[in-house]
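Okay, so here's the structure we're looking at.
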Amino acid sequence: MKLILGLDAGTSSTKLMAMTEDGKRFITPMRMGPMSSHKSFCAALSRFAADNAMTEEDFAWIAATGGRATHVGEEILGVPVRRMNEIEAMAAGALRFSQQKKGVVVNMGTGTTLVYAEEGKQPEHIFGSALGGGTLLGLGSRLAGTSNYTELLFLAGKGDRRRADLSIADMDFADVESLDERLTLSNFGKLRPEDNVEDKDAAAALVNLILEVVGTEAMLACRAKNCDTAIVVGTLADLPGSDAVFALFEQLCGVKFVKAGMPSFVTAAGALLRAMEQE
């Protein structure tokens, strides 16, 4: 049985995932760097095939989506390409890999995209945000001394954001007694020369800033759509501290945050699923 390949050509990375033509089995996915030429996509397919002991002839066709999918062309190494709508792919993959029937899909990539998805209905793009992985890398270079994604996550995992952020726990007046002391009063409120904040603490605070803003966006989108579930997908879905931040949003705002399985590959998988529906 031949395979079909899902290709999510994103701004910051390229994700590939294959599935058998009957839709019953997914093949181990692969993530690579961003690509902007047909030649690079040909190399990606060759590498994916080789790593899975396959050849290009094992693929029936490719379902391509993402911001850089315009560079894919009509075929890759002779395998025909079908272009899929990114919003529809994102929604289909999120519902499948979160096992939810409906919800606001929060795609944390280079930026953040919020989409309302419901089984049997056309997905709706709610809004987008410029805050995401690009923010992490850009500000990480200034605040933590590196723009390397892996290094930033390592630093953030070791750091304590409370040394850079001003929180409710830092206040000593009675008016805040009813507020949860874990809440941030001011992101980077302690980032002053005299506070001697280390790179690891700045990295932790930067990650927390992204998570809190995205959590707020998700909460507002859920309220706008009268929905109580946010489905978190994308490369940044597993940022250090994400579980704790989203759990606090659940407690305070009543929105349930569900992380989809294999969050980085949801859109690639969704392209496959949408293409199968059109067969």
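FYI, it's all coordinate maths here, none of it is from the lab. Only a predicted model underlies this, so the values are computations on that prediction, with no experimental measurement involved. Note that we place each Cβ from the backbone using ideal geometry, even for glycine, and neighbour counts take in every protein chain shown.
Expressed in units of 2.2 N^0.38 Å, where N is the residue count, the Cα radius of gyration of the chain is 1.09. For a 22 Å ceiling on Cα separation, which of these pairs sit above it: 15/102; 24/256; 102/225; 2/259; 200/259? Exceeds cut-off: 15/102; 24/256; 2/259; 200/259. Entry note, segment 124-279: relative contact order of 21 percent, from Cα contacts under 8 Å with a spacing of 6+ residues.
Can you tell me the orientation of helix 86-98 relative to the chain, as the angle in degrees between its alpha-carbon axis and the longest Cα principal axis, to the nearest 10? The answer is roughly 70 degrees.
Take every pair of alpha-carbon atoms less than 8 Å apart whose residues are at least six positions apart; their mean separation over the length of segment 3-83 yields a relative contact order of 33 percent.
For the chain, with a Gaussian network of springs between Cα atoms less than 10 Å apart, report the residue from 100, 122, 251 with the top mean-square fluctuation. Most flexible of the set in this elastic network: 251. For the residues 193, 80, 263, a GNM of the chain with alpha-carbon springs under 10 Å puts the largest fluctuation on 193. A straight line joining the Cα centroids of segment 1-29 and segment 175-235 runs 33 Å. Taken along the Cα-to-beta-carbon direction at a fixed 7 Å, the label points for residue 60 and residue 151 span 4.6 nm. Of 171, 90, the sequence from fewest to most neighbouring Cβ atoms within 10 angstrom is 171, 90. The phi-based Karplus calculation (6.51 cos²θ - 1.76 cosθ + 1.60; θ = phi - 60°) puts the 3J(HN,Hα) values of segment 120-136 at x, 10, 5, x, 10, 6, 7, 6, x, 9, 7, 8, x, x, x, 5, 4 Hz, whole numbers, x for Gly and Pro. Segment 25-155 gives an Rg/Rh value of 1.01, both radii derived from C-alpha positions and Rh following Kirkwood.
Amide H contacts of residue 61: 5, each under 5 Å away and 5 or more positions distant or on a separate chain (H built 1.01 Å from N in the peptide plane; Pro and chain starts excluded).
Scattering from segment 3-83 was approximated by placing one identical point on each alpha carbon and applying the Debye formula without solvent; log10 I(q)/I(0) at 0.20 1/Å stands at -0.80. Between the Cα long axis of helix 149-158 and the first principal axis of the chain there is an angle of about 40°, rounded to the nearest 10. Which residue fluctuates most in the GNM of the chain (Cα springs below 10 Å): 14, 28, 235? So, out of 14, 28, 235, the one fluctuating most is 28.
Each residue of segment 57-62 was assigned a 3J(HN,Hα) from its phi angle through the Karplus curve 6.51 cos²θ - 1.76 cosθ + 1.60 (θ = phi - 60°); the sequence is 5, 7, 9, 7, 6, 10 Hz, with glycine and proline shown as x. Between the helical axis of 266-277 and the longest alpha-carbon principal axis of the chain there is an angle of about 40 degrees.
Each Lys and Arg contributes +1 and each Asp and Glu -1, all at the Cβ; summed about the Cα centre of the chain, the dipole is approximately 580 debye.
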